[in-house]
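> Can you keep this structure in mind? I'll have questions shortly.
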Amino acid sequence: MQGVPEHFDHPLDRAQFRRPAHRAGIELYRAHIVRHAFEPHTHEAYGLGAIETGVERFRYRGSDHLAPQDSRVMMNPDVLHTGRAETDGGWRYRMAYLDADVVEAVTGQRGLWFRDAVEHDPARARRVTALLEALWRTTEPLAFDGLLLDLLDAFSDQSRAARPAGREAAPRFGRVIEYLRDHLARRLTLDELAAVADLSPFHFLRAFRTQYDATPQQMLMALRLFEAKRRLAEGIAPAQVAAEVGLSDQAHLTRAFAQRYGVTPARYQRQVRS
């Protein structure tokens with residue numbers, strides 16, 4: 001990896017993204033994080049990866065999880081999560097973020113849901129690491145797609161064909177999430193969002209936090225930053241992106257983006273467009 005993102009406090013912290021030119025909806029990621037703590041964020045995609053060294057602590061679906069070396073990590077779409085090191089030396093890991101339509105196309109199954117966030121299984125985790133390394137390095141589209149199928153096969157023991165009951169979003173909250181997406185650049189109010197959900201304001205706030213383990217503002221910021229990431233990948237200038245997603249200025253975008261994704265917007269843009 002070339003250099004260190006300028007926002008990191010520790011010289012060993014680094015993160016890198018890559019997107020394959022021939023296949024939309026896929027983002028590869030590798031990082032070594034020692035001091036940085038990721039704020040709640042979403043990739044709006046399946047996150048599948050493995051821990052190479054160290055231990056990560058992260059919050060996901062209302063619970064804290066520890067992911068030690070040689071663990072597989074599995075995250076379902078649209079779920080806010082955090083991340084920080086649990087060990088002094090930090091943790092080194094690789095992930096693939098796959099849009100739902102990509103997963104459906106590759107597996108032939110709709111609505112896959114991964115049961116566990118973490119599973120410690122050295123053999124399977126090392127297999128995943130090797131596949132992610134091969135995906136990162138290959139320059140052949142045909143080889144990439146074959147490796148992608150192998151990667152999803154490597155998680156097939158953890159997937160099921162339907163999302164389990166219990167924490168799925170109620171329809172009224174689905175309307176709220178869509179409303180947030182449609183109004184990223186606006187200053188929204190609790191009363192406004194509660195009206196979308198047809199609830200009283202603080203009843204809505206309590207129920208939303210219970211459902212998502214996050215406040216509406218945290219969800220809004222996560223959606224803003226995900227949309228910013230998408231627009232940056234299209235080559236839109238960071239200052240314009242900041243304005244379009246409702247952030248005060250480019251400096252605000254830089255701080256918020258780095259807190260969630262571990263790189264500055266400019267560095268991310270160079271990585272995914274190289």
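Every number in this text was worked out from the coordinates using simple rules, so none of it is lab data. Everything quoted here is computed from the prediction, not taken from an experiment. Backbone-built Cβ (ideal geometry, glycine too); neighbour counts: all protein chains shown.
> Write down Rg/Rh for the stretch 14-160, rounded to two decimals, with Rg from the C-alpha atoms and Rh from the Kirkwood relation over Cα pairs.
So for the stretch 14-160, dividing Rg by the Kirkwood Rh gives 0.93.
> Expressed as a whole number of Å, what is the distance separating the alpha-carbon centroids of the stretch 234-252 and the stretch 26-94?
Cα centroid of the stretch 26-94 versus Cα centroid of the stretch 234-252: 26 Å apart.
> So how strong a dipole does the stretch 215-274 carry about its Cα centre when Lys and Arg Cβ are +1 and Asp and Glu Cβ are -1, to the nearest 20 debye?
240
> Separate question: Provide, as a two-decimal number, the C-alpha radius of gyration of the stretch 187-254 over 2.2 N^0.38 Å, N being how many residues it has.
Normalised Rg, Cα atoms only: 1.30.
> Lys and Arg at +1, Asp and Glu at -1: add these up for the other residues within a Cβ distance under 11 Å of Arg57 and post the number.
Around Arg57, the surrounding residues sum to -1.
> I'd like to know which of Leu199, Phe173, Gln211 lies farthest towards the positive end of the charge dipole of the stretch 141-247, counting +1 on Cβ of Lys and Arg and -1 on Cβ of Asp and Glu.
Positive-end residue among those listed: Leu199.
> Relative to the Cα centre, what is the charge dipole magnitude of the chain, using +1 at the beta carbon of each Lys and Arg, -1 at the beta carbon of each Asp and Glu, and rounding to the nearest 20 debye?
The calculation lands at about 260 debye.
> Can you give the charge dipole size of the stretch 14-160 about its Cα centre, rounded to the nearest 20 debye, using +1 on the beta carbon of Lys and Arg and -1 on the beta carbon of Asp and Glu?
300
> Still on this model: In nanometres, what is the gap between the two model label sites at Arg110 and Glu244, each 7 Å from Cα along Cα-to-Cβ?
Taking the simple label geometry, Arg110 and Glu244 are separated by 3.1 nm.
> Please identify every one of the GluC sites (Glu not before Pro) in the stretch 169-274 that sits in a loop by DSSP and has no more than 15 other beta carbons within 10 Å of its own beta carbon.
Those that pass, being in a loop and sparsely packed, are Glu234.
> How much length, in nm to one decimal, is gained on full extension between Asp88 and Arg187, taken as 0.36 nm per residue of separation minus their Cα-Cα distance?
Computed gain between Asp88 and Arg187 is 31.7 nm.
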